[in-house]
Amino acid sequence: MSNEKTPGFNTLSIHAGARPDPATGARATPIYQTTSFVFEDVDHAASLFGLQAFGNIYTRIGNPTCAVLEERVAALEGGTAALAVASGHAAQLIVMHTLLEPGDEFVAAGQLYGGSINQFNHAFKKFGWNVVWADATDPSSFEKALSPETKAIFIESIANPGGIVTDIAAVSAIAKKAKVPLIVDNTLATPYLCRPIEHGADIVVHSLTKFLGGHGNSIGGLIVDGGSFDWSQDDRYPSLSAPCPSYQGMVLHETFGNFAFAIACRVLGLRDLGPALSPFNAFLILTGTETLSLRMQRHSDNAKAVAEHLSRHEKVEWVNYAGLPGDSSHGLAQRYTPKGAGAVFTFGVKGGYDAGVKLVSSLTMFSHLANIGDTRSLVIHPASTTHRQLTDEQKTAAGAGPEVVRLSVGIEDLDDIIADLDQALAQI
Ligand SMILES: *Cc1c(COP(=O)(O)O)cnc(C)c1O
């Protein structure tokens, strides 16, 4: 782009990272569906392998279609660099693999996507990474959970499924005092509604599967390096601060400065663990990012109107939506997500578990499935599905009690969304 001014969010959503294809002039980003890339000569190959030059080697480590997506989301989040990976869970795995050694701890909000609770409680334990739970509604609980072994803090900006908005700046202040990075899962908000780096996050992770892709057709994940964390302050993050045996003793934070974390995630985490994003999925998700603003505003506006309607409905016990005045997260939502509180929220039906099951099976336009962030309206009863593996205590702590129904409100006509909910509620 020729003008000096930083382009606006809508412009970045369409243009960041992309340029006409140098070989063909293709305007849309091509799908570089190739495993590997030919070296110019032996010296070029050596410099790529030694990290002395940037370029493509093998699609597990990097790919030009994925690179456009990385540059785009980094620009939208206000980060220094990004790494695209196969799923949101892969993003979390690679972030923790880069930060933690066996025996280390991290503090996480108890109000998280159910899959993240499982990943932290079970899969991560096998790596010797120990989660200590805190309460997203009480920033001081993060401070109480710290120990000398703590290496990171993990929260969601808008927590799935309870719809709680976390006080990012307050948790960031605790992380800064403890000299550990704050990781924010920004999947539900997207950078259109909230930019966590501006509030003190050091690392942002995404499930691209949800609103960034936005059309329910591709699994993907992404890590954004905020560029803010000082990896040189001590030797507690050896992936960044110790001489790297696979790169001739290079110290990554010395060589790569404020994007060293993204580099470490790529050249150590993704290289060795392997969950690469396919270029085809990157292409579909890139197309989704171009309409992010339009979709997120419509998602949020529809969700707010649906939440208002349900809060007046006789069969509904309560509605948790941060966009509603009177909601316990409303004040934080006005501060962190002023354009809208997103599309995902929960409500309680009168009649508990059975009423919840009856509702999901009576809806016709809503799809009953385990996803959020599609153009289509989606519904799930977490207690019988996504949160089934959790104990009753964990279910309630995660906002997934027996009467709870979660909606991901789509971008269809509002009247049709409300009509479907009304006919299903009438059948309870
Ligand atoms: C879906 C989701 C994830 C996991 O992402 P996948 O792409 O399914 O691996 C993580 N965090 C949140 C908030 C999610 O909604």
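The values are calculated or read from the model by the stated rules, or taken from the named source; none is laboratory data. What you see is a predicted model; the values in this text were computed from it and never measured. Because the Cβ atoms are built from the backbone with ideal geometry, glycine has one as well, and the counts that use them run over all protein chains shown. Keep in mind that these areas ignore ligands, DNA and RNA; they rest on the heavy atoms of the full protein, side chains included. Shrake-Rupley method; radii C 1.70, N 1.55, O 1.52, S 1.80 Å.
Quick one: Cα centre-to-centre distance for the range 129-151 and the range 215-246, in angstrom?
The range 129-151 and the range 215-246 have Cα centres separated by 20 Å.
As an exercise, use a Förster radius of 41 Å and the Cβ-Cβ distance of T24 and R376 to find the FRET efficiency, rounded to the nearest 0.05.
Here the calculated transfer efficiency is 0.75.
Counting helices only, and only those DSSP H runs with n ≥ 4, report the 222 nm mean residue ellipticity of the chain as the sum of -39,500 (n - 2.57) divided by its residues, in deg cm²/dmol to the nearest 500.
It lands at -9500 deg cm²/dmol.
How large is the convex hull of the C-alpha atoms of the chain per residue, in Å³?
Once divided by residue count, the hull of the chain is 141 Å³.
Would you tally the net charge around F211, using a Cβ to Cβ cut-off of less than 12 Å, leaving F211 out, and scoring K and R as +1, D and E as -1?
+2
How many Å² of accessible area per residue for the range 9-288, probe 1.4 Å?
37 Å²
Tell me which aspartates and glutamates have Cα within less than 16 Å of K125's Cα, excluding those fewer than 8 residues away on the same chain?
The reachable aspartates and glutamates, counting only those whose Cα sits under 16 Å from K125, are E101, D104, E105, E149.
Sort the range 1-125 into rounded, prolate or oblate with this rule: let a ≥ b ≥ c be the square roots of the eigenvalues of the Cα gyration tensor; rounded if a/c is under 1.5, and if a/c is not under 1.5, prolate when a/b is larger than b/c, oblate otherwise.
It is oblate, given that a/c is not under 1.5 and a/b is not larger than b/c.
Which ³J(HN,Hα) values in Hz, rounded to whole numbers, follow from the phi angles of the range 15-32 under the Karplus curve 6.51 cos²θ - 1.76 cosθ + 1.60, where θ = phi - 60° and Gly and Pro get x?
10, 4, x, 9, 8, x, 4, x, 7, 10, x, 3, 7, 6, 5, x, 8, 7
Under 22 Å between alpha carbons, and skipping anything fewer than 8 positions from K350 in its own chain: which lysines qualify?
Hits, sequence-local ones excluded: K304, K315, K358, K395.
Using +1 at the Cβ of each Lys and Arg and -1 at the Cβ of each Asp and Glu in the chain, identify which of L414, A84, A333 lies farthest towards the dipole's positive end.
L414
Determine, for each peptide in 129-140, 377-388, the mean count of other beta carbons within 10 angstrom over its residues, then list the peptides with the highest first.
With the highest mean Cβ count within 10 Å placed first, the list reads 377-388, 129-140.
If you plug each phi of the range 376-387 into the Karplus form 6.51 cos²θ - 1.76 cosθ + 1.60 with θ = phi - 60°, what whole-Hz ³J(HN,Hα) values come out, in order, with x for Gly and Pro?
7, 6, 10, 9, 8, 10, x, 4, 9, 9, 4, 9
Summing +1 for each Lys or Arg and -1 for each Asp or Glu, what net charge is found among the other residues whose Cβ lies under 11 Å from the Cβ of H387?
Spelling it out: positives minus negatives among the neighbours equals +2.
Within the range 230-244, find all residues whose amide N lies under 11 Å from a label point positioned 7 Å from the Cα of E254 along Cα-to-beta-carbon.
Counting backbone N atoms under 11 Å from the label point, the list is 241-244.
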